[in-house]
Every structure is written in structure tokens, then in C-alpha cells.
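Notes follow the structure.
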Amino acid sequence: MIISLVDEAVAAGARQSKACEVIGLTTRTYQRWKHPENVGEDRRPLAVRPEPKHKLTQEEKQQILKTINQPEYASKPPSQIVPALADQGTYIASESSFYRVMREAGEQNHRGRARRPEGRPRTSHCATEKNQIWSWDITYLNGPIKGLYYYLYLILDIYTRDIIGWEVWEEETSDHASHLIRKAVLAQGLNNHQEPLILHSDNGSPMKGATMLATLYELGVTPSRSRPRVSNDNPYSESIFKTCKYRPEYPVKGFATLEDARSWCLKFVRWYRHEHRHSGIQFLTPGQHHAGLADTILEHRRKVYTDARARNPLRWKKGTRSWSLEPEVWLNKPKEKSENLRQLS
């Protein structure tokens, strides 16, 4: 196809070099493709290449397999076997060569009595309105002396980014967590909620305590958890904690008392809910979005921008900014869905 396009351009009067340049091809490649002796296919896969001089011999491969099956090495990985052999004055091959030979022989299996590590898929949820998915976590707040902390419990609605509930305590317990979730559900009027409410958290002990689980069961709330030791699975809570601790007035040297910590967090919550214009919700405040004022405010912004463009159309290369909220807010969007959306766009 490329040859025919270049030939068509040349026949129409274009220079061969310029036609090749436009299509992203060198003139030499085009001439090689046009050569009558050209076979028309890539012969690199069929080329006969000499074997590397440092390739393991068959005897060395057999020695590796014999070594890994000896009783003293039967339950050890190559990362343990190779240094042990070196201590005895023996070197056969590197760890990577051990692994390669084991794979070729079908002996690359889990070794030892420990259970094989299991890959767990990310927990994924989608919210299309408020009070469908809440994210919650606990973060420490520095106390008056090193090693003493207060703990901020905080629940966030991922759709509106609003703070649903919060408390500060001197310890992390399942009792405090269950008390907070009960207050949040009652405050939102969800005690007779028909739609399922999902509460996402990490794998900390307060999240999995018997009191907490019993409270969730009683309230009809479905627990959801991140993968072990993966903080990225709970990004909304991690993000608001960073916002909290990077406030200019945050006392880096610590809070003197529990009451000081609670007083400061109360001011932060008020600022976050009613003054902070959140970039994830088109710079609305979380309190406005949760109260259902988003459509009215965004429609007013669209009118302001439309009027401004009408007054000075030359200042606008394209249309006005799209003041629209995303219809779906994902907690850990599946990769397949993300790839499909990229293809459609």
C-alpha cells in the first residue's frame, strides 16, 4: 500500500524523496522495497544466528537440576541456593539462570511449607449519587510529645467528596469506629435506606473488629476492604488526610491536648465542607454538592461563561468550559473499563 501511494504521488508530479518524507519512510527503504529481487517479507525470524558463546551447556543445566533437587536445597529458592554454593567454593550459574532452567524443566514451583502468595484483585465500586459508597480511614495526629498520638476517624462520601462523619480519639478501637458509623448513618437518614451502602476501608484492626462488623450488619452496610498493604486502594481517604496535614495552620509540632486536636479538626471540617473548592467536583464545595446545589451553581457558571464569550468572542479559540460533573465516580476503576473508554475517545 505504501509503495502504491508513493508511486501515485510521483506519477502526479511529486518528488520521490518528498513523497517518502510525508509518509514517514526513507527513500532507501522505498527503493529496497521496489527492488525486483525483494522477497516482500521480513526474513529476520528465519535468519540463522550463532549460539551465544556464554550459553549454558547441557551438562551445566543437568547439574543445576540435580542441585536443586538435593534434600538440603529442595525447599529453597535459587536466591538461597547460589550463595550457599558460593560458600562451598562452587559456582554453576546465576540466580536468573537457575530460574530459567527450572522453568524450562517445569520445576519452577512454589517451594517450602508456606502457602503460595495469592494475587488479589482490586476492590472496585461505582457511585452515581451520594450515600452509595463511603470511604473511611484513621490517621494519626501528633501529640504533645514524641510517640504520643491522637487519632482522627473520618468518613467521606466519594461521590460528593463530603465529610459524612469524623471524631478524634486517643486510641484506635473497633468500638469508636462502630459508634462513628452509627452516628453517620443516622445523620444521613439512612436507617431505613433501601439501596445498599458500601463502606470501604483498609485492613486495620478497627475496621475488622467484631463490634464494627456487628454494627455494619445491623445497619445493612456492606463492608469493602483494600488489598493488604496497598494504600492506593483507598485513595479518597488518603487524599483528604494529605489535604488536612498540609493546611498552613496545621500544628506540625503536635497538639497539646485531645481537646485542642478536636477543636482544630472541627475548624478543618468546616473549611473543607463549606469553603474548599474541590477540583474533583468542578470546584464546588463538598457541602454544596452533597446538598444538591451542584446543577444550579454549574448552570449559573455556564451562563456567565457564555455571556463572557459573547462579549469577547476573539478571546475564545474553542467553546466555553464544560461545567459538567462526571456521572460516575469510581473507586479503583477496572482496567478493562478504562481501556475501553480510551478507545472510544
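No value in this document is a laboratory result; all are computed from the given coordinates. This structure is a prediction, so every number in the text was calculated from the model and none was measured. Neighbour counts are summed over all protein chains in view; Cβ atoms, including those assigned to glycine, are modelled from backbone coordinates with ideal geometry.
General observations
- Equivalent ellipsoid dimensions for segment 63-134 as semi-axes, Å, which come from the Cα gyration tensor, largest first: 43, 12, 12
- Taking the Cα atoms of segment 125-281, the ratio Rg/Rh between the radius of gyration and the Kirkwood radius comes to 0.95.
- Length gained when the stretch residue 62-residue 35 is fully extended (0.36 nm per residue, less Cα-Cα span): 4.8 nm
- Protection proxy ranking, peptides 271-283, 311-323, average beta carbon neighbours within 10 Å, highest first: 271-283, 311-323
- Equivalent ellipsoid dimensions for the chain as semi-axes, Å, which come from the Cα gyration tensor, largest first: 53, 42, 19
- The order of the peptides 49-61, 226-238, 169-181, 116-128 by mean Cβ neighbours within 10 Å, most packed first, is 169-181, 226-238, 116-128, 49-61.
- Placed amide H near residue 284: partners under 5 Å, 5+ positions off or other chain: 278
- Residue 217 paired with residue 258, simple spin-label distance in nm, labels 7 Å along Cα-to-beta-carbon: 2.9 nm
- For the peptides 200-206, 100-106, 68-74, the ranking by packing is 200-206, 100-106, 68-74, with the highest mean count of neighbouring Cβ atoms within 10 Å listed first.
- Of 55/335; 130/335; 76/333; 267/303, pairs whose Cα-Cα distance is over 28 Å: 55/335; 76/333; 267/303
- One Cα centroid belongs to segment 212-228, the other to segment 82-149; the line between them spans 26 Å.
- Net dipole in debye of segment 129-284 [+1 Lys, Arg Cβ; -1 Asp, Glu Cβ; about Cα centre; nearest 20]: 400 debye
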